[in-house]
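The values are calculated or read from the model by the stated rules, or taken from the named source; none is laboratory data. Just so you know, these numbers come straight off a predicted model, no measurement behind them. Every residue, glycine among them, receives a Cβ derived from its backbone with ideal geometry; neighbour counts consider all protein chains shown. Each accessible area value is taken on the protein alone, full model and side chains, heavy atoms only, with ligands, DNA and RNA left out. Shrake-Rupley method; radii C 1.70, N 1.55, O 1.52, S 1.80 Å.
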Amino acid sequence: MRKLFLLVNFLAVSALLFAQNKTASVPVYKNAKVAINQRIDDLLKRMTIEEKAGQLNQLNGGAFTGPAVNDAGQQAKVQMVRDGKIGSFLNVTGVKETRNIQRVAVEESRLGIPILFAFDVIHGYKTIFPIPLAEACSWDLPQIEKNSSVSAKEASAAGLHWTFAPMCDISTDPRWGRVMEGAGEDTYYGSLVAAARVKGLQGKLDDAAHVMASVKHFAAYGAVEAGREYNNVDVSRTALWNKYLPPYKAAVDAGAATVMNSFNVVDGVPASANHFLVQDVLKTKWNFKGLVVSDWGSFGEIIAHGYAADEKDAALKALQAGSMMDMESKVVVRYLPQLVKEGKLTMKQVDDAVSRVLYYKFKLGLFEDPYKFSDEAREAATLFSPANRAEALKAARSSIVLLKNTNSTLPIKRSGQKIALVGYYANSKADMFDFWIANGNANDAVSIYEGLQNKLGKRSVDYTPGYNADATTNEKLINEAVASAANADVVLVTIGISGKLAGEERSLANINIPDGQIQLLKALQKTGKPVIALVNSGRPMVLTQVQDLTSAIVQCWILGTETGNAVADVLTGDYNPSGKTVMSFPYAVGQIPVYYNHFNTNRPAPEKGDGAWHSRYRDIPNDPLYPFGYGLSYTNFDYSGLQLSNTQINKNEQLKVSVTVKNTGGVDGEEVVQLYIRDITASVVRPVKELKGFQKIFLKAGESRTLNFSLSAKELSFYDAEGNAKLEAGKFNVFVGGDSKKTLESSFMLK
């Protein structure tokens, strides 16, 4: 019995020692029970300088299976993964591809550090939502957040960890093709949208249904001169702090994991190597703890800017400024070890950058389960699901803006009418999608022609192209369209420009409606039938001629997968349009930039009169054709009873603002009620109006509601040239209305 007891005791002790030895043999960085910071410290101690450089190297990946597996270039990248020289891949998508290369990273490299997979998921991965500019016109922050969460759900189901969105650039120049990626011209609203998009994309980063967001382009890229991509930016520090930086700050405060450098210079220094932007503003003033990534090749392009002598110098200056991961220029992986050896970079600087990359690999749980985002069943069930398409439809409908509706031409009748649908783009799915469609397929989308057929029946819609793919026309095409219009009760004409001209490197000097389409509109107008223009574009276009040739204008933007169904719902009144513009529509190209929150100048043009010796154009109005915040409905809203809680307040008090809004029309509808202020006298000149609040409300026909807003120090302050908030006593005007131009007005004093 004693021998048996001794044997059992021996075996128990042996088992305990074995377990302890086994635990001790597991590196700290692989122990999920240890705090992330300790795991990072342990891993950093084990890494060579070459492996650290590798974590800061992001390369374009592509496919690593099928025929690509035998490609020499792809095999070289696979070997770099084995050698620990790649920390992240771009453009490797789908569970099969990401799982294949991840296996190499975690099973064949020395330390088994997983790869981060990144992709441009700008407004949907497989189910494509409206372009961000259109989405912002919904003024529906919960829906905007939902759109991003669906995009993240699909992207993560396809093996991705990271997307390069949202774009937080404020822009007043519709010639710039990338305005389609942003939220328009207003800083306050752009900040709210930026935060909503980050929250939707990231969640808490504690599951496999969200991805890391990247705030871009830091900073002020929306101010590129002449609206030309990759062009120079020259803005004052006052403009930087008050107009351009707040949306990036809002996205950072919302928890954005990463920030992307912009291509441009700020104060004469390229953003990727800009110590003021990255160190002083982002890391110090905003206390950003995340990862800073370059834009495509932007580290290396410091040379072209004339700021670095060569690739080694470019790597040094970017890393010294505090930028971290190098997207595609490869200068960091080549030169970082040498720069450390020469004493030009400290190991502390290197470890700070590398630790931020590693942090998110730990945060996402990739060390515990590197294939967490690689579930083929989830991928199949998630991508392009009916539920995702339903959200895309809701988003598309609420993004549409009704710009003109003379004599209630819209909505059209659901039955008993013959519709002439004219316009090449109405039946071209490829032209309906833009540059940033991730893994979306235009063939999966619903065209406007299909949407109207689904809604009204095939016999009710007669389609003719009216113009060619390049927007030119000829006598034959026009005659066919006119003949169709002559036999119809109403004419719908799809005009604008191809979605292929929206996005990066799609700048246009001429944003007028193409001449061929204007020629077509003139011919259709002569038929005497109501002509309704459906404008497809990724930017505000000059619609001044169109205004005079049509009975109604609907800004359809680029709406994604559910385009046709959304447009049909709006045209028939199944959905009452509620979108409001987030960029001013210029009266003429020569006005650009034109925006609502401009300064008054020393000689402001009067509201009425000839304005001699004032700041004005001699040949066109100063005002845009359609101002910021503008959009019609199939009903009407009346504003009355604007009241302020006091005529004066001190700096610690809140001012209460109330207004009554009534739906005076015959149908239910939504209205975006907008609150603006003007600081009349300040140490830094302030704009004539600034948005400081809004509420989107639903009112039944005949219903009225009193809305309440509040203004506090936060809304009444501005920034000086050093980025310090300033709250100054003086007179403020308050405006409330349905757009930035048509408002009720009152005033108060801040003591």
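Tabulated values for the structure
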{"item": "Residues of region 700-725 that turn out to be loosely packed, with under 14 Cβ neighbours inside 10 Å, under 27 Å from Val281 (Cβ atoms) and of a type in the set (D, E, K, R), as a count", "result": "2"}
{"item": "Failed item, numbered, when Val106 is tested on (1) outside any loop (DSSP other than H, G, I, E, B); (2) of a type in the set (Val, Ile, Thr); (3) under 27 Å from the mean Cα position of the chain (by Cα)", "result": "(3)"}
{"item": "Contacts under 6 angstrom Cβ, first residue in region 277-288 being in contact (Cβ under 8 Å) with a residue 40 or more places away in the chain and within 16 Å of Asp253 (Cα to Cα), partner buried (at least 23 other Cβ atoms within 10 Å of the Cβ) and of a type in the set (Ser, Thr, Tyr), 6 or more apart", "result": "Val278/Ser323"}
{"item": "Every residue from region 494-518 that is farther than 16 Å from Pro586 by Cα and part of a strand (DSSP E or B)", "result": "Thr494, Ile495"}
{"item": "Residue count for region 284-324, restricted to those that are in contact with a Gly (Cβ under 7 Å, 6 or more places away or on another chain) and either surrounded by fewer than 19 Cβ atoms within 10 Å (Cβ to Cβ) or not in a helix (DSSP H, G or I) (or both)", "result": "3"}
{"item": "Matching entry among Ala390, Ala353, Ala395, Ala438 (being on the phi > 0 side of the Ramachandran plot, modelled with pLDDT of 95 or more, of a type outside the set (S, T, N, Q) and within 27 Å of the chain's Cα centre (by Cα))", "result": "Ala438"}
{"item": "Some residue of region 69-77 being farther than 20 Å from Lys363 by Cβ, among the charged types (D, E, K, R) and at pLDDT 95 or above", "result": "yes"}
{"item": "Residues (open to solvent by 40 Å² or more (accessible area, probe 1.4 Å), out of contact with any helix residue (DSSP H, G or I) (no Cβ under 6 Å at 6 or more places or on another chain) and within 17 Å of Ile558 (Cβ to Cβ)) located in region 394-416", "result": "Lys394"}
{"item": "Filter pass, Gly609 being modelled with pLDDT under 95 and either buried (at least 19 other Cβ atoms within 10 Å of the Cβ) or over 24 Å from Phe718 (Cα atoms) (or both)", "result": "yes"}
{"item": "Residue in region 417-438 that is most open to solvent (accessible area, probe 1.4 Å), counting only those that are in a loop (DSSP other than H, G, I, E, B) and either in contact with a strand residue (DSSP E or B) (Cβ under 8 Å, 6 or more places away or on another chain) or free of Cβ contacts under 8 Å to residues at least 40 places away in the same chain (or both)", "result": "Lys418"}
{"item": "Hits in region 219-237 (condition: open to solvent by less than 40 Å² (accessible area, probe 1.4 Å) and more than 17 Å from Met167 (Cβ to Cβ))", "result": "Val235"}
{"item": "Residue in region 35-47 that is β-branched (Val, Ile, Thr) and either in a loop (DSSP other than H, G, I, E, B) or farther than 28 Å from Leu319 by Cβ (or both) present", "result": "no"}
{"item": "Filter result for the condition that a residue is over 19 Å from the mean Cα position of the chain (by Cα), free of Cβ contacts under 8 Å to residues at least 40 places away in the same chain and open to solvent by 10 Å² or more (accessible area, probe 1.4 Å), over Asn60, Asn100", "result": "Asn100"}
{"item": "Cβ pairs under 7 Å, 6+ apart, first in region 673-684 and more than 26 Å from Gly641 (Cα to Cα), second open to solvent by 50 Å² or more (accessible area, probe 1.4 Å)", "result": "Thr681/Lys731; Ser683/Lys726"}
{"item": "Within region 325-372, considering residues that are among the polar types (S, T, N, Q) and not in a loop (DSSP other than H, G, I, E, B), the one surrounded by the most Cβ atoms within 10 Å (Cβ to Cβ)", "result": "Ser355"}
{"item": "Boolean, Ser156 is closer than 25 Å to Gln55 by Cβ and not in a loop (DSSP other than H, G, I, E, B)", "result": "yes"}
{"item": "Some residue of region 181-203 being basic (Lys, Arg), on the phi < 0 side of the Ramachandran plot and open to solvent by less than 10 Å² (accessible area, probe 1.4 Å)", "result": "no"}
{"item": "Flag if Ala380 is assigned to a helix (DSSP H, G or I), open to solvent by 10 Å² or more (accessible area, probe 1.4 Å) and at pLDDT 95 or above", "result": "yes"}
{"item": "Inter-residue pairs, beta-carbon under 7 Å, first closer than 24 Å to Arg178 by Cβ and open to solvent by 30 Å² or more (accessible area, probe 1.4 Å) and in region 480-508, second of a type in the set (Asp, Glu) and in a loop (DSSP other than H, G, I, E, B), 6+ apart", "result": "Glu504/Glu229; Glu505/Glu229; Ser507/Glu229"}
{"item": "Which listed residue, of Lys33, Lys52, is basic (Lys, Arg) and open to solvent by 30 Å² or more (accessible area, probe 1.4 Å)", "result": "Lys33"}
{"item": "Scope region 31-73; condition in contact with a Phe, Trp or Tyr (Cβ under 9 Å, 6 or more places away or on another chain) and at positive phi; matching residues", "result": "Gly62"}
{"item": "Lone qualifier among Ala588, Ala566, Ala552 - being among the aliphatic types (A, V, I, L, M) and surrounded by fewer than 24 Cβ atoms within 10 Å (Cβ to Cβ)", "result": "Ala588"}
{"item": "Criterion (within 23 Å of Val446 (Cβ to Cβ), of a type in the set (D, E, K, R) and assigned to a loop (DSSP other than H, G, I, E, B)) met by exactly one of Lys126, Lys146", "result": "Lys126"}
{"item": "Qualifying position, being under 29 Å from Lys96 (Cα atoms) and out of contact with any Ser or Thr (no Cβ under 9 Å at 6 or more places or on another chain), among Lys153, Lys204, Lys199", "result": "Lys204"}
{"item": "Region 245-283, residues that are outside any loop (DSSP other than H, G, I, E, B) and small (Gly, Ala, Ser)", "result": "Ala250, Ala251, Ala271, Ser272, Ala273"}
{"item": "Scope region 222-244; condition part of a loop (DSSP other than H, G, I, E, B) and aromatic (Phe, Trp, Tyr); matching residues", "result": "Tyr230"}
{"item": "Members of region 710-720 that are over 27 Å from the mean Cα position of the chain (by Cα) and not in a helix (DSSP H, G or I)", "result": "Ser710, Leu711, Ser712, Asp720"}
{"item": "Residues of region 206-218 that turn out to be open to solvent by less than 10 Å² (accessible area, probe 1.4 Å) and either over 17 Å from the mean Cα position of the chain (by Cα) or hydroxyl-bearing (Ser, Thr, Tyr) (or both), as a count", "result": "1"}
{"item": "Some residue of region 738-745 being open to solvent by 50 Å² or more (accessible area, probe 1.4 Å) and assigned to a strand (DSSP E or B)", "result": "yes"}
